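So that we are looking at the same thing, I have put the structure below in structure tokens.
The numbers here are math on the coordinates, done by the rules we state, and not lab data. Remember, predicted model here, so these are calculated numbers, not experimental data. When we count neighbours, we look across all protein chains shown, and the Cβ atoms used for this are built from the backbone with ideal geometry, even at glycine.
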Amino acid sequence: MHDLDPLILARLQFAFTISFHIIFPTISIGLALFLAIVEALWLKTGDLVYRQIYRFWLNIFAMSFGIGVVTGIVMSFQFGLTFAKFAQLAGPVIGPLIGYEALTAFFLEAGFLGIMLFGESRVGPKLHFFATCMVALGTTISTAWILAANSWMQTPAGVAWDHGRLIVTDWWRVIDNPSWSVRLPHMLLAAYLTAAFLVSGVSAWYLLRGRETTFARRTLSLGMAAACILIAAQVFVGDHVGTTLVKYQPAKLQAAEGWWDKTTPSPTPYLWIIVPDQAGQRNRFQMGTPYFGSIWLTRSLHGTIGGLRNTPVDQQPRMVLVFYSFKIMLALGMTMFTIAVISLWLRWHGRLYSARWFLRTLVVMTPSGVVATLGGWYMAEIGRQPFVITGMMRTADAVSPVPAATLLSTLIAFVCVYAVFFGAFLIFTLRLIRRGPVGLPPHALPSGSLKRDLRPEIAGVQPYLSGTE
Amino acid sequence: MDLPLLSALFLMFALTMYVMLDGFDLGVGVLLLPQRDQQVRNRMVDAIAPTWDGNETWLIMAALTLLAGFPLAYGILVPAFYIPVVLMLLSLGLRGVSFEFRHNSATSRRRWDFVFAGGSLIAAWAQGLVVGGLIQGVDTDLDSFGGSPLDAFSPFCLLAGVTVVAGYATLGVGWLRLKGEDATRAFARRHQRWLPLAFLGMTIITGAIAISIQPNLAVSWRDHRIALSCCLIAFAACGLGIAWLAGRDDVDDRIGFGLALAMMLSGVVALGLSFFPYVIPFRITLWQAASAASTQEFLLIGALVVTPVVLAYSAFAYKVFRGRTPAEGWY
Ligand code: HDD
Ligand code: HEM
Ligand code: HEM
């Protein structure tokens, strides 16, 4: 086993565990906000359909949250398991940030999650709604802290070197480092979009089968309305993220756009397919849309941008990975945008719930948010290579002194156990979806907290908020 | 002000909260193994379902305090206990997801219960391996771990693992007796008679071996002899007290659980005192491993301001689910 490289194994293990983790926070952050909105609507209108939507998604949320928690606990040890040297250098900077995340977010989520999941018959509806809001707030705060930690690694600020150690000189600059304020909204929007396409996709599936029509129409209407606003914001914010990158991590964007030459031809095409040759510092093959590169990236017809050769070879990331992760996110973002525009048009013509080709597209798009999120993170993380902290520490110097064989065997263990998590999550979620939302459990009716249920005059005749009824 | 000492106290606080709170969760999980009745098992899991997540968060808090306050120690200890830590994380993970998955599957619930119990058992045992490994000593090489990942699997560590399982099970029966009705409570009472005695006995054996394999422990015990004696007397008295009260029906069920918490607390305090002032026992002190003052200050301000709020709403969450677990679950 002497030819196994601990560096590669440590990176694989970190990348695998964090990629797996982020899938579930993305879903939880989005669904938590969705649940809070639906519960607010239920409390406000008393319409039982909202309650049914809440109940249905709460179950899926609980599973996703559970996996998010247990894989997150792994992450707080992963800095030591795989990158102990990084932990020793950067612990004084990112440790308190993630510590604050635990104090202000993890405890908040955990404290109110029990009430949200199990407390409906024990606390009044207002307090229950409050608990839902606290969980949603917790996931948002959590995102803010962890993005501060990660953004500091991308664009470090507020620290000074002192005898080979990092000393924080200004905490506010550590947190509000140059990329945090654009990456945080980008990530939050990504999570909300993920939930919007998830709930819309499932509703579309019901509508295609002619099942649960009332439930599905209402959910689809909410989901697509949210998606329209969110994707417009996301394209705008994403563009800002790119502009920030040009300033602070130019190599990443150079790799993401696929050019090698110090300056690109004028006008610059926008590349969609490349076969890069990293050793030769050139593309073997490239294909793109003429003019579009100049227009998108320089806002002019003939502008040019710089290619990866502007960055010394020993500081370049692997172009092929960065390029394609970026293109996956971008392509999905544009698809979402197109779908949002079409949904407005269909809604206008009253065909949002009946255009079968559109519903089928939505079913296919159900996991699109997760895929785009992973693409974005791969771009961000692989584009930072060969550094783990931009300009300060190389990944190769960060690895734990753990034998390769140990790293390999635990990597296999992680893959096996996480496969169980993922398999069970998919099976149970699909089973819940197939079973469909259930009505109100009969024993719930007489309880005090549900007294609205006993007032059919509210429950039955609420006009639907939108749609074609 | 001695900032590293304050950070170390906060670290100890988080660890103690973890051991006491997740300790009873894990104990209840382990106790699913001898329980055959599916109904009772459902009640047992219901008794911890609404609050386990918050309990486990104290482990994260402890790990992050170590990372922020004592990065040198974090970077040595986590690789030193690489295999026990991964074992613990994977077991905690399997156990955590079983909460949701068993709830959603009527047909395969038995299988998930087994995963749940096995996960609890291995997680508790792996934590014991770490305790044993700390006592026997961690090899360091400048500021890295210098030993082998298998060091934590010595016979002594294996034994320490069993001791921790017994301790958590003692907490677990206390909680079940408090939260359970009828069959669950009777089951808890039955095991409450012998588990605290087993924990007490195992601790004495482990301690005796510890002092023979780790000479520094004797020095440390001599230095803190008064405080340590108090802890040990409290520890033994609580253990005997629980076992004695277990048989009587006229005492409040809260007393048994309270005594189990006190027993665990005195055990943890004794362990902490034995190691003081080292973070990596008998090699690297708190002050040698501490991060710079700017980090310690920032962390401590957060800890001091936010922890009371956390404790308040965590207590509120417990209050919402006070009383015995309803027979039909929490829904
Ligand atoms: C964009 C958001 C995001 C990102 C990038 C990460 N996490 Fe996460 N994490 C969350 C968003 C989140 C969350 C929304 O707060 C979770 C997900 C579901 C949940 O239970 O809380 C969570 C859970 C969670 C938990 C369990 C919390 C609990 O008990 O409630 C821990 C310890 C971590 N995470 C730690 C990490 C670490 C060390 C990361 C990086 C290496 C990381 N997370 C990346
Ligand atoms: C279509 C327009 C979009 C543009 C121009 C865009 C741009 C970017 C850029 C430049 C980055 C790299 C940031 C860095 O390395 O620091 C990034 C990262 C990311 N993107 Fe996008 N993006 C778009 C759409 C989306 C969509 C639709 C999603 C998900 C639903 C998404 C999710 C993410 C995530 C999760 C990251 C990583 C986190 C981060 O670095 O902030 N993006 N995006
Ligand atoms: C949640 C979404 C994230 C994803 C999908 C992700 C993905 C990755 C990937 C793929 C790598 C390996 C890169 C390579 O070696 O080529 C990596 C490395 C790393 N990431 Fe992230 N990451 C995420 C968030 C974070 C956060 C929030 C932090 C810290 C606060 C972080 C810290 C690190 C560290 C320490 C490494 C190891 C060193 C390195 O390879 O650069 N990551 N991540």
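Compute the acute angle (0 to 90°) between the alpha-carbon long axis of helix A:84-101 and the principal axis of greatest extent of the alpha-carbon atoms of chain A; round to the nearest 10°.
Roughly 30 degrees, rounded to the nearest 10.
Still on this model: Give the residues of region A:52-75 whose amide nitrogen is closer than 18 Å to a point set 7 Å from the Cα of A:Val420 in the direction of its Cβ.
A:63-64, A:66-75
With a Förster radius of 45 Å, plug the Cβ-Cβ distance of A:Lys262 and A:Ala15 into 1/(1 + (r/R0)^6) and report the FRET value to the nearest 0.05.
0.90
Something else about it: Within the set of other residues whose C-beta is less than 15 Å from the C-beta of A:Trp145, count the net charge using Lys and Arg as +1 and Asp and Glu as -1.
Here the charged neighbours net out to -2.
Follow-up. Taking θ = phi - 60°, what integer Hz values does the Karplus form 6.51 cos²θ - 1.76 cosθ + 1.60 yield along region A:381-389, in sequence order, with x for Gly and Pro?
7, 6, x, 7, 4, x, 9, 9, 10
Another one. Looking at chain B as a GNM with Cα springs under 10 Å, which of B:Val138, B:Val28, B:Val19 has the largest mean-square fluctuation?
The residue that fluctuates most here is B:Val138.
Next question. 222 nm [θ] for chain A, helices only, -39500 (n - 2.57) per DSSP H run of 4+, per residue, to 500?
Value at 222 nm, helices only: -23000 deg cm²/dmol.
Still on this structure, I have one more. Provide the FRET efficiency to the nearest 0.05 for the B:Ala208-A:His349 pair, computing r from the beta carbons and using R0 = 51 Å.
Once rounded, the FRET efficiency stands at 0.05.
Another question about this same structure. Can you compute 3J(HN,Hα) from phi for each residue in region B:79-92, using the Karplus curve 6.51 cos²θ - 1.76 cosθ + 1.60 with θ = phi - 60°, rounded to whole Hz and x for Gly and Pro?
Those phi angles translate into x, 4, 9, 3, 6, x, 5, 5, 4, 4, 5, 5, 5, 4 Hz.
What is the set of long-range amide H partners of A:Met393 at a cut-off below 5 Å, with H atoms built 1.01 Å from backbone N?
A:Val388
First select every other residue whose beta carbon is under 14 angstrom from the beta carbon of B:Ser108; then total the charges, Lys and Arg +1, Asp and Glu -1.
+4
For the Cα atoms of chain B, what angle does the longest principal axis make with the long axis of helix B:195-213, in degrees from 0 to 90, nearest 10?
20 degrees
Using the Karplus equation 6.51 cos²θ - 1.76 cosθ + 1.60 (θ = phi - 60°), what ³J(HN,Hα) coupling, rounded to whole Hz, does each residue of region A:336-343 give in order, writing x for Gly and Pro?
Values per residue, Gly and Pro as x: 4, 4, 4, 4, 4, 5, 4, 5 Hz.
A further question follows. Simple spin-label model, 7 Å along Cα-to-Cβ: A:Trp172 to A:Lys126 in nm?
It works out to 3.7 nm between the two label points.
Taking chain B as a Gaussian network, where each spring joins two C-alpha atoms under 10 Å apart, which residue of B:Gly69, B:Gly119, B:Gly93 fluctuates the most?
Result for chain B, Cα springs under 10 Å: B:Gly93 fluctuates most.
While we're looking at this one, here's another question. Once you put a point 7 Å from the Cα of B:Arg322 and another 7 Å from the Cα of B:Arg248, both along the Cβ direction, what distance in nm separates them?
2.5 nm
For a quick check: with amide H placed at 1.01 Å from N, whose amide H comes under 5 Å from A:Val159's, ignoring anything fewer than 5 positions away on the same chain?
Placed amide hydrogens put A:Thr169 under 5 Å from A:Val159.
Considering only lysines 8 or more places apart in sequence, or on different chains, count the pairs in chain A whose C-alpha atoms sit under 17 Å apart.
6
Once the Cα atoms of helix B:155-179 and of chain B are each reduced to a long axis, what angle between those two axes, in degrees from 0 to 90 to the nearest 10, is obtained?
On a 0 to 90 degree scale, this one is about 40.
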